[in-house]
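The structure under discussion appears below in the form of structure tokens.
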Amino acid sequence: DQQVKQNSPSLSVQEGRISILNCDYTNSMFDYFLWYKKYPAEGPTFLISISSIKDKNEDGRFTVFLNKSAKHLSLHIVPSQPGDSAVYFCAASEGYSTLTFGKGTMLLVSP
Amino acid sequence: DAGVIQSPRHEVTEMGQEVTLRCKPISGHDYLFWYRQTMMRGLELLIYFNNNVPIDDSGMPEDRFSAKMPNASFSTLKIQPSEPRDSAVYFCASTVGSNVDTQYFGPGTRLTVL
């Protein structure tokens, strides 16, 4: 059973608009959450993270929101750029140990 | 630094054949992870090593899969015999001190088993 779920396989957004990628988790022991970005023919790269003691973390155009009661997190990209087109993986960790990933969401930002 | 190096980048083989995937972690990293990416299951952890010692192999799907790390700069993932359902992209990643923020992934090996 998937402990980290990304229910949208793909998302299309116009350049300049906001992209919102969603992620749900089932394991209440997860205390650290991350987003990875993956371009074709490359490995995933770390994008942004958030600890369970926070509800928001921001880094430039990227903001991650965490709703612990709903076991839900989201990644907001504002404004979206064509170079943001990639697969985005949500991941979770218990005690800063190993990572459990979702299936990924493919984001396409069109000019 | 060259980053995590994986070879081969692509592998096509026939069912029943032995497949060996290779990984060279970033120098100085003491944790090494093997992942598999499929459409159905996404990115899943197969096994990880700390200081060349396997710590958790609970993600290894079957006995057909084995992994070794004979030294700090080299690891292999072997599938014997291979089956079509093993077709996937296999990633190796490394980090220092199990820091989940900074797992550096290699470019992956795309395996196709016919």
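The values are calculated or read from the model by the stated rules, or taken from the named source; none is laboratory data. Predicted model only: the values in this text are computed from it and were never measured. As a convention, Cβ positions derive from the backbone with ideal geometry for all residues, glycine included, and neighbour counts pool all protein chains shown. We work out accessible area using only protein heavy atoms, side chains counted, and drop any ligands, DNA or RNA first. Shrake-Rupley method; radii C 1.70, N 1.55, O 1.52, S 1.80 Å.
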Open item on the list: Just to check, using Stokes-Einstein with a Kirkwood Rh over alpha carbon pairs, what's the diffusion coefficient of the protein assembly as shown at 10 °C and 1.306 mPa s in µm²/s?
Closed with: 88
Task: FRET efficiency, A:H76 to B:V96 (Cβ-Cβ, R0 25 Å, nearest 0.05) - done: 0.25
Open item on the list: Tell me the Rg and the Dmax, in Å, that the Cα atoms of chain B produce.
Closed with: 13.1, 39
TODO: For A:K56 paired with A:E94, estimate the spin-label separation in nm (one decimal), with each label point 7 Å from Cα along the Cα-to-Cβ line.
DONE: 3.0
TODO: Springs between alpha-carbon atoms under 10 Å, Gaussian network over chain B: tell me which of B:Q103, B:Q17, B:Q37 tops the mean-square fluctuations.
DONE: B:Q17
Task: For the range B:94-111, residues shielded by at least 20 square angstrom of accessible area compared with the chain on its own, probe 1.4 Å - done: B:S98, B:V100, B:D101, B:Q103, B:F105, B:P107
Task: Within the range B:18-56, backbone nitrogen closer than 19 Å to the virtual label 7 Å beyond the Cα of A:T45 toward Cβ - done: B:25-27
Task: Buried on assembly, the range B:38-55 (at least 50 Å² less accessible surface than by itself, 1.4 Å probe) - done: B:L43
Task: Relative contact order computed over the range A:68-111 (Cα-Cα under 8 Å; 6+ residues apart), in percent - done: 41
Task: B versus A: buried accessible surface, summed, Å² (probe 1.4 Å, to nearest 100) - done: 1500
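Once Rh for the range A:62-111 is found with the Kirkwood sum over Cα pairs, what is the Stokes-Einstein diffusion coefficient at 37 °C and 0.692 mPa s, in µm²/s?
Values: Rh = 12.5 Å.
Translational D for this selection: 262 µm²/s.
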Task: Table column - 3J(HN,Hα) (Hz), the range A:39-53, Karplus curve with 6.51, -1.76, 1.60, x for Gly and Pro - done: 8, x, 6, 10, x, x, 10, 5, 10, 7, 9, 8, 8, 5, 7
TODO: Over the alpha-carbon set of chain A, work out the extent along each principal axis and list the three values in angstrom, largest first.
DONE: 40, 27, 21
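If you average the sequence gap of Cα pairs under 8 Å that are 6 or more apart and divide by the length of the range B:1-100, what percent do you get for the contact order?
36
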Open item on the list: Could you work out the relative contact order of the range A:1-84? I mean the mean sequence separation of Cα pairs under 8 Å and 6+ apart, divided by the number of residues, in percent.
Closed with: 32
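As a test, work out the antiparallel percent of DSSP beta bridges whose residues both lie in the protein assembly as shown, rounded to the nearest 5. Before the final figure, lay out the partial values.
Details: 73 of 82 bridges.
Here the antiparallel bridges make up roughly 90 percent for the protein assembly as shown.
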Task: Delta accessible area of at least 40 Å² on complex formation, residues of the range A:3-45, 1.4 Å probe, chain isolated as reference - done: A:Y36, A:P44
